[in-house]
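First up is the structure itself, then whatever we jot down about it.
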Amino acid sequence: MKGGIRYHNEVDPDEVNALAQLMTWKTAVAAVPYGGAKGGIGCSPGELSRSELERLTRVFTQKIHDLIGTHTDVPAPDMGTNAQTMAWMLDEYSKFHGHSPAVVTGKPIDLGGSLGRDAATGRGVMYATEALLAEYGKCISGSTFVIQGFGNVGSWAARLIHEKGGKIIAIGDVTGSIRNTAGIDIPALVKHRNEGHAMKDFDGAEVLDSTELLVHDCDVLVPCALGGVLNKDNAPDVKAKFVIEAANHPTDPEADEILAKKGVVVLPDIYANSGGVVVSYFEWVQNIQGFMWDEEKVNDELEKYMSSAFQHMKAMCKSLDCDLRMGAFTLGVNRVARATLLRGWEA
């Protein structure tokens, strides 16, 4: 099993179960050999000191050390957790089971983490966008982009799209939204944000009302932040031709129907943001082999997986005459169903 550990004040069993099920389909679509899992602690990590977070993580690991394992359940970081959290989990687990680097992924490089893991979800978003645009005879270079969210996924997606010649004309996060129709200088913005300055104080762009960000005129809209940001209220005003779901479920079902009627193409989250779990799989493979790859190999392999999953998803859409979300879910459910039948588990 594979899935993230989430530290957030709204963690509850229903959410964890739903996210674990989503991971089952996501790993199946990506064709990595895992079932879905998820875990979490209901807490506010921003209000805890470093030593409190460490004690919390270690006690949690003591309680679940016999449930996780290299070939049973491999946690990874999620909301409110990071490479340091994984390092503590690894260390605590290893007290019971001996040094086992493959028990968690998303670790620091020095403890067996994979090169390219930090940028993996954002890079996967970029590869997914390339694959989708190619279907319509377009490419990243020459297209205009609006990005919501500038955390790990949003900042890496922005950087990589910018490197590919994409013009990012508006971007926003919790500290404000900005726009520059000539294209925002992303490396300068990354530096600005890393220095702790608010998005709205960036020199190279004008301030934009955050409510206008998602309905701003552009070719490609990339929500990289929270779920449910596209809803029945703003979906009718979306001007983008493509929506790339880098966040988890950013489009609610009502918005999905509205966008479909408008002819907006939505690339579903279960495919678009699967770069993270694919490179987590590569990290696990490297740990098991005791042989680490260079970053170029990680990125090349990620591109192969994203490209292959896209082709399989498109083939499913063609044979069922359905949209990309239905195609992705059908692909995932079919793969799990086939494996279930082959094992003789039919009801």
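The values are calculated or read from the model by the stated rules, or taken from the named source; none is laboratory data. Just so it is clear, the model here is predicted, and its values are computed rather than measured. Counting neighbours? That spans all protein chains shown, and the Cβs are built from the backbone with ideal geometry, glycine included. Note: areas computed on protein heavy atoms with side chains; ligands, DNA, RNA excluded. Shrake-Rupley method; radii C 1.70, N 1.55, O 1.52, S 1.80 Å.
A few notes on this one:
- A 1.4 Å probe run over the protein chains yields, for the chain, 46 Å² of accessible area per residue, whole-number rounding.
- Built amide H within the under 5 Å cut-off of Gly3, gap 5+: Ala37, Val74, Ala76
- Cα-based Kirkwood hydrodynamic radius, segment 119-272, one decimal, Å: 15.1
- Backbone amide hydrogens, once placed in the peptide plane, bring Thr175 within less than 5 Å of Met199, excluding anything fewer than 5 places away on its chain.
- Its relative contact order, with pairs defined as Cα atoms under 8 Å and 6+ residues apart, puts the chain at 17 percent.
- Shape of segment 212-347, Cα gyration tensor, a/c cut at 1.5: oblate
- Charge dipole (Cα centre; +1 on Lys/Arg Cβ, -1 on Asp/Glu Cβ; no other charges) of the chain amounts to roughly 780 debye.
- Carbon plus sulfur fraction of accessible area for segment 1-151, probe 1.4 Å, in percent: 52
- Taking a ≥ b ≥ c as the square roots of the eigenvalues of the alpha-carbon gyration tensor, segment 1-113 is classed oblate because a/c is 1.5 or more while a/b is no larger than b/c.
- Taken as Cα centroids, segment 254-272 and segment 70-101 sit 36 Å apart, rounded to the nearest whole angstrom.
- Dmax and Rg, reported as Rg then Dmax, of the chain (C-alpha, Å): 20.0, 62
- Dividing the summed -39500 (n - 2.57) terms of all DSSP H runs of n ≥ 4 by the residue count of the chain sets its mean residue ellipticity at 222 nm at -15000 deg cm²/dmol.
- P(r) histogram, all alpha-carbon pairs of segment 164-255 included - 5 Å bins from 0, percent: 3, 14, 23, 25, 19, 12, 4, 1
- Pairs beyond 21 Å (Cα-Cα), from Lys138/Lys314; Lys63/Lys95; Lys26/Lys164; Lys239/Lys318; Lys138/Lys167; Lys164/Lys241: Lys26/Lys164; Lys239/Lys318
- Anisotropy class of segment 7-52 from Cα gyration tensor, a/c 1.5 cut: prolate
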